[in-house]
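Asks: Have a look at the structure that comes next, please.
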Amino acid sequence: MCFNMQNQHVEILDSSSLQIDFEHKYSETPLVLRDMFVQFLSERGLDNNGKVFREPSINCLQMAWRELKNEHNNGLWSMRHMETYNGQGTKALDCGIKKEDAKLLNALRKKYCATL
């Protein structure tokens, strides 16, 4: 989940292309995370920043590289998205990911293992 402070909206970056309705797929998790983030901002005296997230729309981004069966690479996708996503939406996002790119996955594994 990305809390975009500049554009005042919340986005979910999901690498799964399963066609399941939002409520069934995510349940209450996005709302709980949003409430925790608002509380975090409030506890640090940043109430004005938190107000914009009290009732935002939560958008799930439809990325071109989503896969139906992606059980083992979620951590890699998460790390890569944290590196490259800055709230620019999917059209401007170029994180180098292509569907089922084994070479890229191995390169990312090596990169993140070496960094850790």
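Asks: Going by what's in this entry, would Ser57 be described as touching a strand residue (DSSP E or B) at 6+ places or on another chain (Cβ under 8 Å) and at pLDDT 70 or above?
Replies: Taking the combined requirement at face value, the residue satisfies it.
For every residue, the table says whether it meets (1) touching a helix residue (DSSP H, G or I) at 6+ places or on another chain (Cβ under 8 Å); (2) at pLDDT 85 or above.
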position	(1), (2)
Ser15	yes, no
Glu28	no, yes
Phe37	yes, yes
Glu43	no, yes
Asn48	no, no
Val52	no, no
Asn70	yes, no
Asn73	yes, no
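Asks: Take the conditions surrounded by 14 or more Cβ atoms within 10 Å (Cβ to Cβ), closer than 20 Å to Met1 by Cα and modelled with pLDDT of 70 or more and apply them to Leu104. Does it pass?
Replies: The answer is no for Leu104.
The values are calculated or read from the model by the stated rules, or taken from the named source; none is laboratory data. A quick note: this is a predicted structure, and the numbers were derived from the prediction, not measured. FYI the Cβ positions are ideal-geometry reconstructions off the backbone, even for glycines, and counts take in every protein chain you see.
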